[in-house]
Amino acid sequence: MANEDDRYRRGRETVLRVWGPEDGARILDRWQELSPDLERQIVEYMYADRWALEAPAPDLKTRSLVQVAALVALGRATQLRVHLVGALRNGASEREIVEAILQVGLLAGFPTSWDALGVCNEVFAEERARAGRTTDEPRQDGQD
């Protein structure tokens, strides 16, 4: 059980790192409320076993962009919103995210990109407001 507890702890730490302490805690709480069993599976497998991997695995920014692309192709707008925030927190710029979504549209269809860009505009505006910015430019104090 100690090994499983370590795995669960490592997964929770990764969730908090990917989304930041406040949003990460909120996400974990929401998963726990919905289904404690599913929450544990997500935390242990997705975050402890996959997201916490070190090099040569991709960095968090690249992983986030891959998640965004997959969710766009699958048309999963609710999860896309969450992973857009994660991508921004993990260092992806708005422009990089938009370009990834445009690439998905080449294979998944332009309406797929169009719908996803609508979600992006909402999330980008919310995140700019939260950070006190009006553009995609990094904050002057180095915080992002």
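Residue check: is LEU84 within 28 Å of PRO111 (Cβ to Cβ) and in contact with a Leu (Cβ under 8 Å, 6 or more places away or on another chain)? So LEU84 does not fit the description; no. A single entry from ILE42, ILE101 fulfils the requirement of being within 23 Å of GLU122 (Cβ to Cβ) and free of Cβ contacts under 8 Å to residues at least 60 places away in the same chain: ILE101.
Annotation note: of VAL43, VAL68, the sole residue that is surrounded by 13 or more Cβ atoms within 10 Å (Cβ to Cβ), more than 25 Å from LEU117 (Cβ to Cβ) and either of a type in the set (Val, Ile, Thr) or touching a His at 6+ places or on another chain (Cβ under 6 Å) (or both) is VAL43. Against the conditions (1) touching a helix residue (DSSP H, G or I) at 6+ places or on another chain (Cβ under 8 Å); (2) farther than 23 Å from ARG130 by Cβ; (3) not assigned by TED's automatic domain parsing to the domain that holds ARG128, GLY20 satisfies every one except (2). Among the residues in region 79-91, are any touching a Cys at 6+ places or on another chain (Cβ under 7 Å) and buried (at least 17 other Cβ atoms within 10 Å of the Cβ)? Scanning region 79-91 turns up at least one residue that is touching a Cys at 6+ places or on another chain (Cβ under 7 Å) and buried (at least 17 other Cβ atoms within 10 Å of the Cβ).
The values are calculated or read from the model by the stated rules, or taken from the named source; none is laboratory data. Just so you know, these numbers come straight off a predicted model, no measurement behind them. Counting neighbours? That spans all protein chains shown, and the Cβs are built from the backbone with ideal geometry, glycine included.
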